[in-house]
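Student: I am attaching a structure below and will ask some questions about it afterwards.
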C-alpha cells in the first residue's frame, strides 16, 4: 500500500541556513500521526514543503506516491486558528463553499451540485450541519475550529494536516476535537503539527520530533531521549494515565 506521506532524507534550506536536515518519516493510510517540536524548530518550513510551497535542497517528498506539486490536491490543510478573521460577515456554509472554488475561478463562477454536496458531507462529518446558515462570527471557539476543519474536508482529501489545532480551545472542546479526529481516521490519514506534547499524549499512533533533525520512534511513545534531543535539555516523562512534560534544571553536559 502506498504511504499517505513519505519523507526521504528531506533537507530544506534558506540560502546557506539549513532549517530541516535529512528528515525521513512515513505516514500510512488511516494513521493519526504527530510532528512535535519547539517553535522555530522547522515545523512550518516542513509543512510548506509538504504542500509544495517550498523547494527542497535534497531528498524527496511523496504524497500517495506523487511529488507535492501533483499530490497536494489530496491534502486537506487546516492552518492555525489565528490566521482566520471570524468577524467577516459570512455564514458557515459560505466559508466552506469557498474552498471548492478553483484558483483560476472567475468572479461569477457558480457552485455546482457536487460543491453543495461536499459542503454538506463535511458539515456532517464534524457535527455542524445544524449551523450551516449561522454567521461564522456567532459560533463558539470550538465550533469555529470545527468549521475550519470542515472547510478542509470539503475538498475531499485523503490526508488531513492540522497546524497547532488545540492552541485556542478549552479542555471540553479539545476532547470533542480528538473524538472527531478518531472518526475521520476511518477515511483518511491525519497529521497534527504541534509544540504541545500533552495535547497529543495517548492520542496518536505515530510520532516524530523535529528540531532541524527529525527523530522518530518505532511506535507512538515519546521517550526522554527524543525530547532531550529535540528540546535541548533534560526532560522527564511521568506516566500516570497521561504523560506530562517536566523540564529539569540543566546539569553538566547541557548548555543553557
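The values are calculated or read from the model by the stated rules, or taken from the named source; none is laboratory data. In this text, all values refer to a predicted model and were calculated from it rather than measured experimentally. Reconstructed Cβ throughout: ideal geometry from the backbone, glycine too, with neighbour counts over all protein chains shown.
Student: Which of the residues spanning the range 78-93 are without any contact (Cβ under 8 Å) to a residue 12 or more places away in the chain and either under 16 Å from residue 118 (Cβ atoms) or part of a helix (DSSP H, G or I) (or both)?
Tutor: If we filter the range 78-93 for residues that are without any contact (Cβ under 8 Å) to a residue 12 or more places away in the chain, which is where we start, we get 83, 85.
If the condition is that a residue be without any contact (Cβ under 8 Å) to a residue 12 or more places away in the chain and either under 16 Å from residue 118 (Cβ atoms) or part of a helix (DSSP H, G or I) (or both), then 83 is the only one that fits.
Student: Further question on the same structure: Please specify each residue of the range 188-218 satisfying the condition of being free of Cβ contacts under 8 Å to residues at least 24 places away in the same chain and surrounded by 15 or more Cβ atoms within 10 Å (Cβ to Cβ).
Tutor: Of everything in the range 188-218, just one residue is free of Cβ contacts under 8 Å to residues at least 24 places away in the same chain and surrounded by 15 or more Cβ atoms within 10 Å (Cβ to Cβ), namely 215.
Student: Any idea how many residues of the range 94-138 are part of a loop (DSSP other than H, G, I, E, B), more than 16 Å from residue 153 (Cβ to Cβ) and modelled with pLDDT of 90 or more?
Tutor: Qualifying residue count, the range 94-138: 3.
Student: Limited to the range 50-73, what total is found for residues that are surrounded by 17 or more Cβ atoms within 10 Å (Cβ to Cβ) and under 14 Å from residue 2 (Cβ atoms)?
Tutor: So the count comes out to 5.
Student: Sticking with this one: Do any strands (runs of 3 or more DSSP E) lying entirely in the range 1-51 carry at least 2 residues that are out of contact with any helix residue (DSSP H, G or I) (no Cβ under 6 Å at 6 or more places or on another chain) and more than 24 Å from residue 184 (Cα to Cα), and which ones are they? Don't jump to the end; show me each part of the working.
Tutor: Values: elements: 5-14, 17-27, 32-36.
Where strands (runs of 3 or more DSSP E) fall fully within the range 1-51 and carry at least 2 residues being out of contact with any helix residue (DSSP H, G or I) (no Cβ under 6 Å at 6 or more places or on another chain) and more than 24 Å from residue 184 (Cα to Cα), they are 5-14, 17-27.
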